[in-house]
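Just so it is clear, none of the values below were taken in a lab; they were calculated from the coordinates. Values in this document were obtained by computation on a predicted structure and should not be read as measured data.
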Amino acid sequence: MKYSSRFFLYAPLGVFLALLAIAGVHWWILASRLGDWLDAHNGREVMPGVTMQFAARQITGFPFSLDTEFSDFAINVATPSGPTRWRSGKFAMHALTYGRDETIFEAAGHQRLEWTDQGRTRHILAFAVGALHASAIVHHEGLDRFDLDLVGLGSKAFTAQRLQLHARQNAKTTQIFVTADGLTGCARSSLRYEASLTIDEAFERLQIGGESWSDAVAAWRAAGGTARSGTNSALSSMAADEVLNPSAVADAACR
């Protein structure tokens, strides 16, 4: 075999192996950074007012994705009325090592949500889900879009075939969409809610993780922020300052 023939035979293979090695080294660097960050923030604040906890974690996905699986995962969020805590026995997040900065989250099985309403009453909701998926897209200005899709929720309080939450940036406003289908144990069998939050700049520090949820909502109210609900929304009669209160939204939906 001539030298030129061998070159054209082995050169593509050599280039492929070199690119694979570069991708592998890149993955190990990112996985190491992610692992160190997770371990350093386990049981501590990941942003003002938000604490993350987990019993164990494992990072896989070599060489093009970062797939992190957690066991006994919990998120605690400080609110004006008290702490809100969500716990999941199985939780995972997925991100590519290239392309846009998007993270996919998923949870399954038994979940537990604890919160305190505005009357300082503590609530506990234990539930199971068929599937829970969420995604977050981040730009250099911060969080640009968040989507949550929950299928097959079952609890003693109520059940739902599907629940969805979508929030996205749109010019100088934040658009929020909430839908619920197949509700039982509530006054409505389905729900559609759409709102546009003005004074979007009040949430800028929250989007980059530099401010707590409570402080961001307080800043929004102080700046004269309003929530314009869709005219056909079942929750259109809610006061503007209740739109950002998950407990108030849930009460209005099921009463």
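Here are some notes:
- Calculated on the alpha-carbon coordinates, the convex hull of segment 89-162 measures out at 121 cubic angstrom per residue.
- Computed 3J(HN,Hα) for segment 84-90, one whole-Hz value per residue from the Karplus formula 6.51 cos²θ - 1.76 cosθ + 1.60 where θ = phi - 60°, is 10, 10, 10, 10, 9, x, 10, glycine and proline marked x.
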